[in-house]
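The values are calculated or read from the model by the stated rules, or taken from the named source; none is laboratory data. Treat the numbers as computed from the prediction; the structure is a model and nothing was measured. No Cβ is skipped: glycine too gets one built from the backbone with ideal geometry, and neighbour counts run over all protein chains shown. What goes into the accessible areas is simple: the full protein's heavy atoms, side chains included, and nothing from ligands, DNA or RNA. Shrake-Rupley method; radii C 1.70, N 1.55, O 1.52, S 1.80 Å.
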Amino acid sequence: MRKTNRKKGGTNQINSLEVMTRERILKMQILESEGFIRFLYDNKSKHYIIFNGKYNASFYSKFYQTAERYFKHLISQ
């Protein structure tokens, strides 16, 4: 049986984003904000982040359109 080494592309970037601290959020660029919900861009990981401060939940996307659609979905509720 042959072993194959596979690289997991991009998983290290997502794992480093799992811990959202106040300092980390303040370093991100705020694109939009509505109430408790913030639309952020992280220069370090190159991801768009939707952060819901009320529930301390976050959504990550590499694509602007996907993140914007989710942000609009959250603020329309």
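Over the stretch 21-77, average the accessible area per residue using a 1.4 Å probe and give it in Å², no decimals.
Working: 4060 Å² over 57 residues.
Using a 1.4 Å probe on heavy atoms only, each residue of the stretch 21-77 averages 71 Å².
Say R0 is 22 Å: what FRET efficiency, to the nearest 0.05, do Val19 and Tyr70 get from their beta-carbon distance? Walk me through the numbers before you get to the answer.
Values: r = 21 Å, r/R0 = 0.95.
Calculated transfer efficiency: 0.60.
When only Cα pairs under 8 Å and 6 or more residues apart are kept, what is the percent relative contact order across the stretch 22-77?
On the way: 82 pairs, mean separation 13.5, N = 56.
Dividing the mean separation by the residue count of the stretch 22-77 yields 24 percent.
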